[in-house]
Amino acid sequence: MKFISSKAAFAMVMLPALVATILMTQSCGKSGDVDSLYRDPSQPVEARVNNLLSQMTLEEKIGQLNQLSMPYGEGAFENLCDAVSRGEVGSLLNVPTAALSDSLQRVAMDSSRLGIPLLLARDVIHGYKTVFPIPLGQAATFDTALVKLGARIAATEASSDGIRWTFAPMIDIARDPRWGRIAEGCGEDVYLTSVMAKAMVDGFQGDDLTSPSSIAACAKHFAGYGASEAGRDYNSTYITERQLRNVYLPPFEEACKAGCLTYMSSFNDNDGVPSSGNKHLLTDILRGDWGFDGFVVSDWASVNEMVSHGFCSDPKDAAMKGLTAGLDMEMVSGTYIRYLKELVEEGKVSIDDIDRSVANILRVKFKLGLFENPYTGTPQSVKYDKAHLAAARQSAAEGTVMLKNDNGTLPLSADIKRILVTGPMADAPHDQLGTWAFDGEKDSTVTVLDALRDIYGDKMQIIYEPGLGYSRDKNTAGIAKAVNAARNADAVIAVVGEEAILSGEAHSLADINLLGAQGELIEALSRTGKPLVTVFIAGRPLTIAKQVEESDAVLYSFHPGTMGGPAIADLLFGVVSPSGKLPVTFPKSVGQIPVYYSEKNTGRPASGHETLLNDIPAEAGQTSLGCTSYYLDAGFGPLFPFGYGLSYGDFSYSDLAIDKSSYGVDDTIKATVTLSNNGKREATEVAQLYVRDMVGSVTRPVKELKGFKRVTLAPGESTQVTFELPVSELAFYGLEMERKVEPGDFTLWIGGDSDCTLSTSFEVTQ
Ligand code: BGC
């Protein structure tokens, strides 16, 4: 069983007493003849690693490479304690309580021969108790400081239960919303994902790794997992070396630069090589090119799965290929603990390879200060701290994107008499938490309905008719009631979307239209002629062209977490102006996928004047002249481009200027633009800078994001926004597969989304 039930968690509370008994009956393992230099924190980390390594038996070394999940069942706990005291476990995931974490650490410290602490891990992906928006929603804030704060809060809360390692950030570039795991990452863009990767690593790991609230980050899934063919989870990928280096790897390199302590190998095989056995990735690039000195953990059982891939003949072969490729720690499938000794004895795995991996793991344990402070050091009271809830509310508000606002429908006036709240996501506390929210609790979650009642219940009549029971509900019986209620209301807020379970790992969809009868609900509400505000709460971009058309205003919130309700209420009534921007392109239809802004121009780019299906006469003769790259039925553009999002202000950009027309490769480009808020309300805009390298040794994307800034302006206010872009940031892997800036002509844009048109040009000389 991968994750524990709350019943099992309750039972676990009883286990620490058992540990005390085990500790009493076992003789203390640490013998007097151990050279204890490694226990001295004043020694340099490398000296401690080497000292400890030199005293370990082969079995103890292999034990460090072994990660287990918390086991359940008769006798399982006793067996686990025995294994820990024999030094056969390096790390555990999903230990459910602080008491149990401390008890297990006590076994490792006091009962194993060398007293090596365990590294306790869990998937703390977007919050622990206080759940923040799913990472896709946090990316939509374009607010790195807030994302860093979210990770810091998650680390603080998680560490109060003994967790010192999270399997995050997930920084897979994803350009296919069918893929359920698009929810877990920062979307389609290389730059946005890279800066968010750094923010999250900084937040999780904190300023001082040895602090009890610092937890090791894990950059995952290394690499290319987001390109799974047809968006089907676990599917193969076919990423060329150049695309890997230009698109999929930069966020991982950024994480490395930020000091990320661990990486996780991905499930996919890229061009035939599963990541867990990919030496090129795990050793040549990660260690050779980037100088990484932490450790790599496999994804869940992905070492053993190399047998299913048809890459290894049996689990023993998988252990050999994993370890020799540079995969240090194996998550749960146990091939290392079963076969590495034999493989060493047979001369198929060298002791140097084993030592290297063990050293990588010990180094992280020393850096985290675990030898000195293995026990929980953060108080329980940090959970749901007021400041944490306030930050989660801000994150949910900043991460919600306004896609439409005809005739100033939003913000709603607080003087309104009667509103209808409807839709299956309006009061869905479990579902608004999104995927990977094991520790979030629905009883502590505030829904849109809760928040509206709480904040506005005494000022206006709030009618609630859900219309449908849950997002997949096809029973239309409740729709008529919602429609009747709408007729008596001054405005309708329909909250629709996806339950949490419909995105995330192993939850891909072939069709991303609104599920169940939600489309019928919106259509029927729209026919009432009442102002219709549709709020989407979902784990991915959905194909919502029809519902956008039928609504007067649209807010899109990627599962917004614990405080999603108050955040959305603040936006609906204008307490906060929407400022979120799309971190991923919204397709018109599933057939357009993959569709992303930083595409190549092709030899026949669309001009915007394409012939569409209905323009073609019957029995038309075949022609190819003048034909361009687009769909007859869907045209060229998406429903909403990357970077798009409206506010309650009215922003315009003018006077774009750069400080020079020609730059050397070591220069920095200074670009300025005047940003004006011509609207009647204060609002925040995310100004975005894009570039295009016009001619390269290989073709270059039509636009690439290279910077952004959140700017708040009062009504009528203008300001000059300045970007500084080092020319070195224009480097890429060209024909010779070397990362460098290629001199030549560039175009630079600044605007409010990736469709922006205000541009200038410059050249780069040698
Ligand atoms: C997922 C990882 C996760 C791991 C541990 C795997 O199935 O792919 O993202 O960290 O399980 O729970």
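The values are calculated or read from the model by the stated rules, or taken from the named source; none is laboratory data. Computed from a prediction, not measured in an experiment: that's the story for all the values here. Here the Cβ positions follow ideal geometry from the backbone for every residue, glycine too, while neighbour counts run over all protein chains shown. Calculation scope for accessible area: heavy atoms of the full protein, side chains included, ligands and nucleic acids excluded. Shrake-Rupley method; radii C 1.70, N 1.55, O 1.52, S 1.80 Å.
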Spin-label model distance (nm) - residue 545 vs residue 702, 7 Å beyond Cα toward Cβ
1.7 nm
Kirkwood-based Rg over Rh for the stretch 565-653 (C-alpha set), two decimals?
1.14
Is there a quick way to get the dipole size of the stretch 576-724? I mean about its Cα centre, with the Cβ of Lys and Arg at +1 and of Asp and Glu at -1; what is the value in debye to the nearest 20?
240 debye
To the nearest Å², the heavy-atom accessible area per residue of the chain with 1.4 Å probe amounts to 37 Å²
Of 199-212, 76-89, ordering from highest average Cβ density within 10 Å down gives 199-212, 76-89
Among 277, 387, 339, the residue whose Cα sits farthest towards the positive end of the charge dipole of the chain, when +1 is placed on the Cβ of each Lys and Arg and -1 on the Cβ of each Asp and Glu, is 387
Please work out the FRET efficiency for the pair residue 341 and residue 314, using the Cβ-Cβ distance as r and a Förster radius of 25 Å; give the result to the nearest 0.05.
0.95
Fraction of accessible area attributable to carbon and sulfur, the chain (%, probe 1.4 Å)
49 percent
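Taking the Cα centre as origin and putting +1 on Lys and Arg beta-carbons and -1 on Asp and Glu beta-carbons, what dipole magnitude results for the chain, to the nearest 20 debye? Mind dumping the intermediate values first?
On the way: 67 positive and 96 negative charges, 207 e Å.
With Lys and Arg at +1 and Asp and Glu at -1, about 1000 debye.
In terms of the Cα gyration tensor, with a ≥ b ≥ c the square roots of its eigenvalues, is the stretch 621-766 rounded because a/c is under 1.5, prolate because a/b exceeds b/c, or oblate? Mind showing how you got there, number by number?
Details: a/c = 2.48, a/b = 1.16, b/c = 2.13.
It is oblate, given that a/c is not under 1.5 and a/b is not larger than b/c.
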Where trypsin sites (Lys or Arg not before Pro) fall in DSSP loop in the stretch 580-667, at most 16 other Cβ within 10 Å
660
For the stretch 652-696, list residues with backbone N below 16 Å from a point placed 7 Å from the Cα of residue 740 toward its Cβ?
664-667, 696
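May I ask for the net charge around residue 467, where only other residues with Cβ less than 10 Å from the Cβ of residue 467 are counted and Lys, Arg are +1 while Asp, Glu are -1?
Working: positive: 481; negative: 465, 473, 520.
For residues surrounding residue 467, the net value is -2.
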Extension reserve of the residue 763-residue 666 stretch, reckoned as 0.36 nm per residue once the Cα distance is removed
33.6 nm
Calculated SAXS-style log₁₀ I(q)/I(0) at q = 0.19 Å⁻¹ - the stretch 606-652, Debye, Cα scatterers
-0.73
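Among 730-737, 191-198, what's the highest-first ranking by average C-beta atoms within 10 angstrom per residue?
On the way: 730-737: 15.8, 191-198: 24.6.
The densest-packed peptide leads the list: 191-198, 730-737.
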Under a crude label model (7 Å from the Cα following the beta-carbon direction), how far is residue 59 from residue 619 in nanometres?
8.7 nm
Going by the alpha-carbon gyration tensor, a ≥ b ≥ c the square roots of its eigenvalues, is the stretch 80-134 rounded (a/c under 1.5) or, if a/c is not under 1.5, prolate (a/b greater than b/c) versus oblate?
prolate
Sites residue 415 and residue 682, calculated FRET efficiency, Cβ-Cβ separation with R0 22 Å, nearest 0.05:
0.65
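Based on the Cα atoms of the chain, what semi-axes does the equivalent ellipsoid have, where each is the square root of 5 times one gyration tensor eigenvalue, given in whole Å with the largest first?
Gyration-tensor ellipsoid for the chain: 45, 33, 24 Å.
Once you've got the Cα coordinates, tell me which of 474/680; 198/474; 148/316; 148/459; 442/706; 129/581 are over 31 Å apart. All intermediate terms of the calculation are to be shown ahead of the outcome.
Details: 474/680 42 Å; 198/474 43 Å; 148/316 41 Å; 148/459 37 Å; 442/706 39 Å; 129/581 26 Å.
Listed pairs above 31 Å: 474/680; 198/474; 148/316; 148/459; 442/706.
At 222 nm, what value in deg cm²/dmol follows for the chain if DSSP H runs of at least 4 each add -39500 (n - 2.57) and the sum is divided by all its residues, to the nearest 500? Each step should come with its number before you reach the end.
Numbers: 20 runs with 198 residues, N = 766.
Taking each H run of at least 4 residues, the total per residue is -7500 deg cm²/dmol.
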